[in-house]
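Visitor: Mind having a look at this structure? Questions to follow.
The values are calculated or read from the model by the stated rules, or taken from the named source; none is laboratory data. In this text the structure is predicted, and so the values were computed from the model without any measurement. In this analysis, Cβ positions are derived from the backbone assuming ideal geometry, glycine residues included, and neighbour counts consider all displayed protein chains.
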Amino acid sequence: MLKESSLFQLFRKHKGYLNVTDLVLPLWCEVQHEYYLLRRIKKKTPKMERGIKLHQILEYETSPPSERRVLDRTSKEEPWALRLLRQLEGIMLLQKNGITREFPIWGYYKESSIFGIIDEISLNNPSKSNFNSDIRNYFNFKMYDLSFVDNKTRFSSRKPGASQILSSKVQLMYYVHLFLNYFPSLGEKQQSIFRDISPTYSNRLHSQSHWWNMFLSQLSLDGTKDLGPKFLEQSILSIPDIPEDVFAGHNSLNGLYALVFASAKKLHLRLTDDNLTIAYRNDKTGEVVYKDKFSFSNKLLEASYTKAYQFWHNLREPEGVPAEEVYKCRSCEFQKECWWLKKKQYYPLSSP
Ligand code: SF4
């Protein structure tokens, strides 16, 4: 029987959005994910900690640790302003070095507001000579091919299983969808390449401010509110490449968003086929042991989103693993009590 309150109402409504991982983790087993949520279990295994450490090492390879922090804990706007500064820094790093890591991104997929952090964005054909560090100069005629990478930690030399590969691909596709909707001008001259991008993409192409205002209003954020002199000082100190007067004229969420948008537009970025990669890295050395390159598939993303949306909004009962994936149950901590296993009469322990 379906519960009265949805998982979204119980656990995510107060935030106003879902994380990309919220949409991807139930792909492993919805019943298991519901157990975690209802029992408020936040897993942090030693393996997960090693994965987090590896991500941090990779991040620091491309950008030094930042001193930026929330200065006014009562401000709802500041955490988002910090994310905008991180985006701005990311675009500058792309401009300078052709690569950035841990790039925050947010927006919509259909009716859901979503937030995520992209592991790695790089340019396939960077050329420093064409860049101009002055953000006020928007003239740059070369196009730069974007590449998106999600880094996964591998604890063995074996190739990841199909289920794991699928969720990694879907996760990266969410990021790409959010990035392209965040910067719709990237597609203005490249619409043929975006044939397979989300159907909402072209609708959003000319309604940039619409989604932004919708997002602010949904999270009760004031885009016009001045972030104050201390935050301005922090912005100037943390990204010295941007002139002080430019920051001073953009010291609000709307202002910082306009700066991010303008700096990305200046880069003339585009996405071509086969530029999405999952890089599986050795947990100790960080070396890439296996790479999976693929193109964006809206069909796959849409099917996966529909399932996740139904799960989070209680439109049906959660689904456990199918018979061919019963191997997942052997390491599951809910195996003894799992209602799905009982209903399906699977016997994971006696299986080979
Ligand atoms: S025992 Fe299997 S079906 Fe049940 S929650 Fe765990 S993984 Fe899912």
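Visitor: Of the numbered conditions (1) under 19 Å from the mean Cα position of the chain (by Cα); (2) at pLDDT 95 or above; (3) more than 16 Å from the ligand (Cβ to nearest atom), residue 280 fails exactly one; give the number of that condition.
Guide: The failed condition is (2).
Visitor: Please work out which one of (1) closer than 30 Å to residue 56 by Cα; (2) within 13 Å of the ligand (Cβ to nearest atom) is the condition residue 290 fails and give its number.
Guide: Of the numbered conditions (1) closer than 30 Å to residue 56 by Cα; (2) within 13 Å of the ligand (Cβ to nearest atom), the odd one out for residue 290 is (2).
Visitor: Taking the condition of being touching a helix residue (DSSP H, G or I) at 6+ places or on another chain (Cβ under 7 Å), farther than 14 Å from residue 169 by Cβ and assigned to a strand (DSSP E or B), how many residues in region 274-306 meet it?
Guide: Number of matching residues: 1.
Visitor: Still on this structure: When residue 17 is evaluated against the numbered criteria (1) more than 30 Å from residue 265 (Cβ to Cβ); (2) among the hydroxyl-bearing types (Ser, Thr, Tyr); (3) surrounded by 14 or more Cβ atoms within 10 Å (Cβ to Cβ), which criterion, by number, is the only one it fails?
Guide: (1)
Visitor: Identify, from the list 50, 12, 68, the residue that is in contact with an Asp or Glu (Cβ under 6 Å, 6 or more places away or on another chain) and touching a residue at least 24 places away in the same chain (Cβ under 8 Å).
Guide: The unique qualifying residue is 50.
Visitor: Here's another thing I want to ask about it. Looking at region 307-352 only, could you name the residues that are more than 12 Å from the ligand (Cβ to nearest atom) and either in a helix (DSSP H, G or I) or under 31 Å from the mean Cα position of the chain (by Cα) (or both)?
Guide: 307, 308, 309, 310, 311, 312, 313, 314, 315, 316, 317, 324
Visitor: For region 93-108, indicate whether the set of residues that are surrounded by fewer than 20 Cβ atoms within 10 Å (Cβ to Cβ), more than 22 Å from residue 279 (Cα to Cα) and either more than 16 Å from the chain's Cα centre (by Cα) or within 16 Å of the ligand (Cβ to nearest atom) (or both) is non-empty.
Guide: Yes, region 93-108 has at least one match.
Visitor: Filter region 221-245 down to the residues that are assigned to a loop (DSSP other than H, G, I, E, B) and either among the charged types (D, E, K, R) or modelled with pLDDT of 95 or more (or both) and list them by number.
Guide: 221, 222, 223, 224, 225, 226, 227, 228, 241
Visitor: Kindly indicate whether any position in region 295-306 is crowded, with 16+ Cβ neighbours inside 10 Å, assigned by TED's automatic domain parsing to the domain that holds residue 163 and either among the hydrophobic types (A, V, I, L, M, F, W, C) or within 16 Å of the ligand (Cβ to nearest atom) (or both).
Guide: yes
Visitor: Would you check which residues across region 41-73 are among the basic types (Lys, Arg) and not in a loop (DSSP other than H, G, I, E, B) and list them?
Guide: 47, 50, 53 - these are the residues of region 41-73 that are among the basic types (Lys, Arg) and not in a loop (DSSP other than H, G, I, E, B).
Visitor: Based on what the data block shows, is residue 193 at pLDDT 95 or above and either polar (S, T, N, Q) or touching a Lys or Arg at 6+ places or on another chain (Cβ under 9 Å) (or both)? Before you say what the answer is, go through the steps one by one.
Guide: On the way: at pLDDT 95 or above: no; either polar (S, T, N, Q) or touching a Lys or Arg at 6+ places or on another chain (Cβ under 9 Å) (or both): yes.
Criteria not met by residue 193.
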